[in-house]
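Asker: Mind looking over this structure? Questions follow.
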There are 2 protein chains.
Amino acid sequence: MNVAIAAIGDELLIGQVVNTNAAWLGTTLTDAGMAVEKMVTVADTEESIRGLLDEHLDTFDLLIVTGGLGPTHDDITKQVLADYFNRSLQFHENIFEEIRRRFEARGIPLARSNRGQAMVPEGFEPLNNPIGTAPGLWCDYEREQGTGSIACLPGVPSEMKRIVQESVLPRLRERIGGRNIIRRTLLTTGIGESNLNEELGDLSEYLSQDVRLAFLPGPQGVRLRLTAIVSDDPSPERRMEKLESVIRERAGTYVYGSGEETLQSVVADLLREHGMTVSVAESCTGGLVLSRLTDVPGSSDYVAGGVVAYSNEVKVALLGVPQDTLGAHGAVSRQVATEMARGVRRALGTSVGLATSGILGPGGGTEEKPVGTVWIGLSDDSGATASLLRLGLDRETNKERTVAAVLNLLRRRLVKTFGASGEEGT
Amino acid sequence: MNVAIAAIGDELLIGQVVNTNAAWLGTTLTDAGMAVEKMVTVADTEESIRGLLDEHLDTFDLLIVTGGLGPTHDDITKQVLADYFNRSLQFHENIFEEIRRRFEARGIPLARSNRGQAMVPEGFEPLNNPIGTAPGLWCDYEREQGTGSIACLPGVPSEMKRIVQESVLPRLRERIGGRNIIRRTLLTTGIGESNLNEELGDLSEYLSQDVRLAFLPGPQGVRLRLTAIVSDDPSPERRMEKLESVIRERAGTYVYGSGEETLQSVVADLLREHGMTVSVAESCTGGLVLSRLTDVPGSSDYVAGGVVAYSNEVKVALLGVPQDTLGAHGAVSRQVATEMARGVRRALGTSVGLATSGILGPGGGTEEKPVGTVWIGLSDDSGATASLLRLGLDRETNKERTVAAVLNLLRRRLVKTFGASGEEGT
């Protein structure tokens, strides 16, 4: 069953609103076993909406349209739909009564424009909207290729989602037989897309129409998405598992987790499991390492805090970095990163201390230490260490990459010390 | 000049990635005076990409395509483009040398697949990608309706944006004449959308078809977007200026800047102008205030650093918050926020000290101090002060709002002390 997801609204075209509805529908319908083949956004004019219907009703088994069902003047979807199918709009007393009841319960006067919310094109089935005033609409229609369906939903994300879960998915499940899509995402960090590709080598013998692999680069690293399309023959799922084990065999060092995990959540699990605490001394990352670590709810159990030592004075006064070391090697050096990690661990009394010091750009680079030169440090019971990162020229990207690298440094140290936790790690 | 914005990528169709590129391009191209009439996403198969070109090249003056330019097997856009236009792919030595140079500078071995990054379809112009390996592509072609253009850009947002700003917009500006859209965005913080609306009162006499106002809520506050559509008659621009001055008159207290400014860039200008330095003691924000402050290039001139005091021990040891004060009032209190601001200012020797302490959720709330209870503090020559924020239940939103509130506290203090700088402030 192939699906097109459409959105109607000028606010999307001028970029005022990001179309998160499309992504949510993409995931939800794919998980339900449908093939989402196209997403499209058009203006809220009669011409655009007619063009949308012309282009998609014949070629897609299901067209989902979001937006344009509200009570304001620019919401014309229903009228255009009725005209397009040569039907009239009919007033549904029960929908109107339900709207009136809800307004009364909240003590809000009912605006006249809400009468329009109870109008439904003839032959369309209203879909109950439990949290808003605009019902969804559903219509099956006949085409050469068999029955096609159109669903129109409000653009407000929470309302759209409720109607999909309560009314759209049950209708679709009836239609779809066994075919199912199974997905797994492996999260890698510390290696670029092309080098990872090389490391993985030739995977073609594991890939086919029904077992696929995609590379998704992101700020924390490249994600690998494995997909198996399973119908009567269950073998694609087994072959996908084989593909996963081959990937882990060839590039497992770079795999830090899977699915919805993040570097900070993986590190959180390891720290908690082994009763460890952490502190961070941040120079170039300016607090972002600690901010990410504390994004995990309950992180106060293992994050003590840290020092953002943007100036050299703070490195000396709060972290005890010797003035001589700063003078001899400069703030961006192996020696200073090591001293910072030691210093913050000592000052905060934690099991591990981390540190960052580097030149993120755009200014501050020299011939010897160009923009993108970053040292990351770690100190624990077994001693202190530091690694050099050579990053690019974009400040924001450099900051994200440094945060990922220092969290990964911690992850690898914990794995090395204690062994892999659960299924992850190397 | 009408535009279609297309994206290629299965990861978008299955909802794994939200298409934020489309929204950014929508805003950027609309601001540059173009009419964005359609957005579309298709799969990375030859058939889908050919369908995309068939459908849009004739009817749109400009087709922008993002994604599918990377070095891996699922990135086939260039090959399909070359085949579609009956051209061959040509190797560009200078692009390859530039990629090689960048890899060498970072000490990373160059993977063989990067050779493909230097292949460009004949007749296409490569667009320099200053921060990645895949260059953009540009091609003008003849159609019945005159010259049409296609631009292909990498899907990585930071790379896409740089190429648009440095190579695409300059090419488009040459083309566009007469009708012009003038935009101005006023940035407000510390007030919600409906209360701001109330504060502004009736503005209908200043609004018309060609002078418009939109409310855009975001994490740092509500942005007000003013738009004037100017053709032969220049008066809409004057009327937009009038509208702006009325808004500033009625709600100026909440306006902290305009255009691309941010709270941290406005604060940066004020601190630099008055030779002030700042430090921050962060509890609940976990380092995000300092991370934002140091996102501004050159921020080492006025940011000394700070302490992330996630645990009470750190509040005592590094910030000198008296154990008694913590015991009597708890960490989330006016007294502790005040002491933290004083302590960090003293420890780092800065002109101003800031502090945050609160319960962001989901856990940790009590009847007396429910989730969303946050204290922010400030200490400077004139003394120390703290304010209470009562936020909601979402951890991430609460963190963003706290960061905005503490930066705004600093901004208002600086404006009060020194008067407004330039055009901004109250």
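Asker: So if we plug the beta-carbon distance of A:ASP232 and B:ASP83 into 1/(1 + (r/R0)^6) with R0 = 45 Å, what FRET efficiency do we get, rounded to 0.05?
Answerer: Here the calculated transfer efficiency is 0.80.
Asker: Quick one: label points 7 angstrom along Cα→Cβ at B:GLN90, distances to the other copies in nm, smallest first?
Answerer: 6.4
Asker: I want to check the label-to-label distance for A:ILE131 and B:GLU260. Put each point 7 Å from Cα in the C-beta direction and report it in nm to one decimal.
Answerer: Here the answer is 3.7 nm between the modelled labels.
Asker: If contacts are Cα pairs under 8 angstrom and at least 6 residues apart, what is the relative contact order of chain B in percent?
Answerer: 10
Asker: Hey, another quick one. Under a plain spin-label model, where a point goes 7 Å from the Cα along Cα-to-Cβ, how far apart in nm are A:GLU142 and B:ARG50?
Answerer: 3.3
Asker: Output the pairs from A:LYS369/B:LYS78; A:LYS416/B:LYS399; A:LYS38/A:LYS242; A:LYS38/A:LYS78 with a Cα-Cα distance over 32 Å in this structure; if there are none, say none.
Answerer: A:LYS369/B:LYS78; A:LYS416/B:LYS399
Asker: In addition: Please order B:SER379, B:SER48 by the number of other Cβ within 10 Å, starting at the fewest.
Answerer: If I rank by nearby Cβ atoms, fewest first, I get B:SER48, B:SER379.
Asker: Here's a follow-up. Over region B:85-231, what lengths in whole Å, largest first, do the semi-axes of the equivalent ellipsoid take, defined as the square roots of 5 times the eigenvalues of the alpha-carbon gyration tensor?
Answerer: Details: eigenvalues 368, 112, 20 Å².
Its equivalent ellipsoid spans semi-axes of 43, 24, 10 Å.
Asker: What FRET efficiency comes out for A:GLU93 versus B:ASP202 if R0 is 30 angstrom and r is the Cβ-Cβ distance? Round to the nearest 0.05.
Answerer: That gives a FRET efficiency of 0.25.
Asker: Please identify, among B:SER283, B:SER194, B:SER299, the residue showing maximal mean-square fluctuation in a Gaussian network model of chain B using a 10 angstrom Cα cutoff.
Answerer: Highest fluctuation among the options: B:SER194.
Asker: Right, here's the next one. Write down the radius of gyration of the protein assembly as shown and its Dmax, each obtained from C-alpha positions, in Å.
Answerer: 28.3, 85
Asker: Based on the Cα coordinates of region A:75-138, what is the per residue volume of their convex hull in Å³? Working shown, then result.
Answerer: Details: hull volume 5.1 nm³, N = 64.
Here the figure is 79 Å³ per residue.
Asker: Still on this model: Tilt of helix B:235-251 relative to the longest C-alpha principal axis of chain B, in degrees (0 to 90, nearest 10)?
Answerer: Long axis of B:235-251 versus the principal axis of chain B: about 20 degrees.
Asker: Using a 10 angstrom Cβ neighbour count of at most 15 plus a DSSP loop assignment to flag exposed trypsin sites (Lys or Arg not before Pro), which longest range of chain B is free of such sites?
Answerer: B:180-426
Asker: Also: What is the Cα centroid distance between region B:260-319 and region B:357-426, reported in whole angstrom?
Answerer: Cα centroid of region B:260-319 versus Cα centroid of region B:357-426: 13 Å apart.
Asker: Using a label position 7 Å from Cα in the Cα→Cβ direction, what is the ascending list of nm distances from B:GLY365 to the same site in the other copies?
Answerer: In nanometres, ordered from closest: 4.8.
Asker: Quick check on chain B: what are the equivalent-ellipsoid semi-axes from the Cα gyration tensor, as sqrt(5λ), descending, whole Å?
Answerer: Whole-Å semi-axes of the equivalent ellipsoid: 47, 29, 19.
Asker: Shifting gears a bit: Using only helices, what value at 222 nm comes out for chain B when you add -39,500 (n - 2.57) per DSSP H run of length 4 or more and divide by the total residues, to the nearest 500 deg cm²/dmol?
Answerer: Details: 15 runs with 157 residues, N = 426.
Value at 222 nm, helices only, nearest 500: -11000 deg cm²/dmol.
Asker: To test your reading of the geometry: what angle, between 0 and 90 degrees and rounded to tens, separates the Cα axis of helix B:263-273 from the longest principal axis of chain B?
Answerer: Helix B:263-273 sits at roughly 70 degrees to that axis.
Asker: Could you bin all the Cα-Cα distances of region A:33-149 into 10 Å bins starting at 0 and give me the percent of pairs in each, rounded to whole numbers?
Answerer: Per 10 Å bin, starting at zero, the Cα-Cα P(r) for region A:33-149 comes out as 12, 41, 32, 13, 2, 0 percent.
Asker: Right, here's the next one. Stick to the Cα atoms of region A:227-272, pair each with every other, and give me the Kirkwood hydrodynamic radius in Å at one decimal.
Answerer: Result for region A:227-272, one decimal place: 12.6 Å.
Asker: Using a Gaussian network model of chain A with C-alpha springs under 10 Å, which one of A:ALA23, A:ALA331, A:ALA251 is most mobile by mean-square fluctuation?
Answerer: Sorting by GNM fluctuation, first place goes to A:ALA23.
Asker: Oh, and also: Just to be sure I understand: with springs between alpha-carbon atoms less than 10 Å apart, which residue in B:VAL156, B:VAL211, B:VAL222 has the highest mean-square fluctuation in the Gaussian network model of chain B?
Answerer: The residue with the greatest mean-square fluctuation here is B:VAL156.
Read-outs throughout are calculated quantities, based only on the coordinates presented, and are distinct from any laboratory measurement. Bear in mind the structure is a predicted one, so any value in this text is a computation, not a measurement. When we count neighbours, we look across all protein chains shown, and the Cβ atoms used for this are built from the backbone with ideal geometry, even at glycine.
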